[in-house]
Structures are given as C-alpha cells and as structure tokens.
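In what follows, a single structure is set out as structure tokens and then discussed.
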Amino acid sequence: MSDCIFCKIVNGDIPAAKVFENEYVFAFLDISQVTKGHTLVIPKVHKENLFELTPDIAKNLFESVPAIAKALKKEYQPLGLNLVNNNGEAAGQTVYHFHIHLIPRYGQGDGFG
Ligand code: 5GP
Ligand code: ZN
C-alpha cells in the first residue's frame, strides 16, 4: 500500500534498523522503543490487522517469531519478553499494517507495564 509507513520500510523507502528478514516477514526496531530491543514483526504483504490475516500469512509470520525472540534474547539478555498486538483504534493500534510487538523485559522499572 503506497501510503503505509510499514510497507515503505519493507520496500526500503524509509530506513529502519532491521532485526530479521525472510521471504514473508520483516522485523525491525520500534522507532520509539518502550524497552531496549523493542521490535516489530510484520508480514511483508499489507494487511491492516488480525481480522484481515489469512491462515497462511499468520503461519508464515508466527513461524519466524521464535527465531526473532531468540535473537533478541542473545543480543539484549532480557529476563523475559512480552508479545503484544493491538487491533483497531480502540485497542491502541496506530499503524494500520499488522504487527506484533516483541518487548524485552528487564524487571521492575524497565519502562513497560
Ligand atoms: P501500534 O500502536 O499500532 O500497536 O504500534 C505502532 C508502533 O509503530 C509504535 O510503537 C510506533 O513507535 C512504531 N512506529 C511508528 N512509525 C514508525 C517508523 O517510522 N519506524 C519505526 N521503526 N517504528 C515506527
Ligand atoms: Zn503496509
């Protein structure tokens, strides 16, 4: 989608700190990290939210999540990690290209939750 900021990141039209990429998935650091290593995982294909995902897109996306989580664990050594997904304005979605937040956690006072 031409006016979607995440499609522009996938296409390399705007820069992002890439964490992972394969045929179906792109993962990059959030521009406004709530904790160190806060990463967004997105399908390369433009889908607005969970309600638009097909099983195939979801499968390809979620298959990459363990490897991305392990890479974050190795790089940042968090104590834990939250997976967050907001669907629709009422749920806090602000960018309308489906994405999963991977939020490394470092204990009380780490800035999230
Ligand atoms: P949402 O609120 O839709 O669940 O999450 C959108 C996320 O996208 C926010 O955490 C926000 O900081 C991030 N974001 C918005 N614009 C950009 C951008 O241009 N680059 C990157 N890397 N992250 C972005
Ligand atoms: Zn998009």
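Observations on the model:
- The value given for segment 49-107 is a Kirkwood hydrodynamic radius of 12.7 Å, derived from the mean inverse Cα-Cα separation.
- Anchor Lys70: aspartates and glutamates whose Cα lies under 20 Å away (excluding residues fewer than 8 positions away in-chain): Glu21, Glu23, Asp30, Asp110
- For segment 88-113 versus segment 42-77, the inter-centroid distance based on Cα atoms is 14 Å.
- Only helical runs count toward this figure. For the chain, summing -39,500 (n - 2.57) over DSSP H runs of n ≥ 4 and dividing by all residues gives -8000 deg cm²/dmol at 222 nm.
- Footprinting exposure proxy ranking of Thr94, Thr39, Thr54, fewest other C-beta atoms within 10 angstrom first, gives Thr94, Thr54, Thr39.
- Extent along principal axes [Cα atoms of the chain; Å; largest to smallest]: 38, 31, 28
- Remark: His99, His46, His38 ranked as His46, His38, His99, counting other beta-carbon atoms within 10 Å and listing the fewest first.
- Over 18 Å between alpha carbons, listed pairs Lys36/Lys74; Lys8/Lys44; Lys44/Lys74; Lys47/Lys73: Lys44/Lys74; Lys47/Lys73
- Nearest 10 degrees, 0 to 90: helix 55-76 Cα axis against the chain principal axis: 30 degrees
- Placing R0 at 25 angstrom, the Cβ-Cβ distance between Glu21 and Glu89 gives a FRET efficiency of 0.30 after rounding to 0.05.
None of the figures in this text is laboratory data; all of them are computed from the coordinates on show. Here the structure is a predicted model, which means the values were calculated and not measured. Because the Cβ atoms are built from the backbone with ideal geometry, glycine has one as well, and the counts that use them run over all protein chains shown.
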